[in-house]
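Below is one structure, written out as structure tokens; comments come after it.
The values are calculated or read from the model by the stated rules, or taken from the named source; none is laboratory data. From a predicted model like this one, the values you see are computed outputs, not experimental measurements. Here the Cβ is made from the backbone with ideal geometry for all residues, glycine too, and neighbour counts use every protein chain on show. Quick note on the areas: whole protein, heavy atoms, side chains included, nothing else; ligands and nucleic acids left out. Shrake-Rupley method; radii C 1.70, N 1.55, O 1.52, S 1.80 Å.
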Amino acid sequence: MSLNEIRGVIRVWTEEFRRLGAIDWCATCKIFENRGALMGASNPHPHCQIWANASLPVLPEKELASFREYREKKTSCLLCDYLRLDLQSGEAG
């Protein structure tokens, strides 16, 4: 694909993400490439899919709960604290 074709695809993804995200029942929207049978695709060629769901998937829901719990206990942001530690240790960047 040319650079302009890729930009066009990303523009459509962005428009669809925003459109779906504006729907009241939509709690999450995923845009992903589905590559063949290994990923459960019925089409043998790589293709994009967009899923909008009314509920959060289990893993992100657990992560959000742990972030909230950390914030309540530490009055701080977990990911911010990890970044600060990485920067101090020289591992980030």
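About the centre of its Cα atoms, the stretch 46-89 shows a dipole size close to 120 debye [charges on the beta carbon of Lys, Arg (+1) and Asp, Glu (-1) only; nearest 20 debye]. Take the chain with all the other protein chains still there, run a 1.4 Å probe, and you get 83 Å² of accessible area per residue.
Across every pair of non-identical alpha carbons in the chain, the mean reciprocal distance, once inverted, gives a Kirkwood radius of 16.7 Å. Computed 3J(HN,Hα) for the stretch 48-65, one whole-Hz value per residue from the Karplus formula 6.51 cos²θ - 1.76 cosθ + 1.60 where θ = phi - 60°, is 8, 9, 10, 10, 10, 10, 7, 10, 7, x, 4, 4, x, 5, 5, 4, 4, 4, glycine and proline marked x.
What cysteines in the chain have no other cysteine with a beta carbon less than 4.7 Å from their beta carbon? Lacking a cysteine Cβ partner under 4.7 Å: Cys26, Cys29, Cys48. Each Lys or Arg adds one and each Asp or Glu subtracts one; over the other residues with Cβ under 13 Å from the Cβ of Arg11, this totals 0. Given +1 at the Cβ of Lys and Arg, -1 at the Cβ of Asp and Glu and no other charges, the dipole of the chain around its Cα centre is 100 debye to the nearest 20. Over the chain, dividing the summed -39,500 (n - 2.57) contributions of all DSSP H runs of at least 4 residues by the number of residues returns a 222 nm mean residue ellipticity of -17000 deg cm²/dmol. In plain terms, the chain from Asp86 to Glu5 could stretch by 25.4 nm, reckoned as 0.36 nm per residue minus the Cα-Cα distance.
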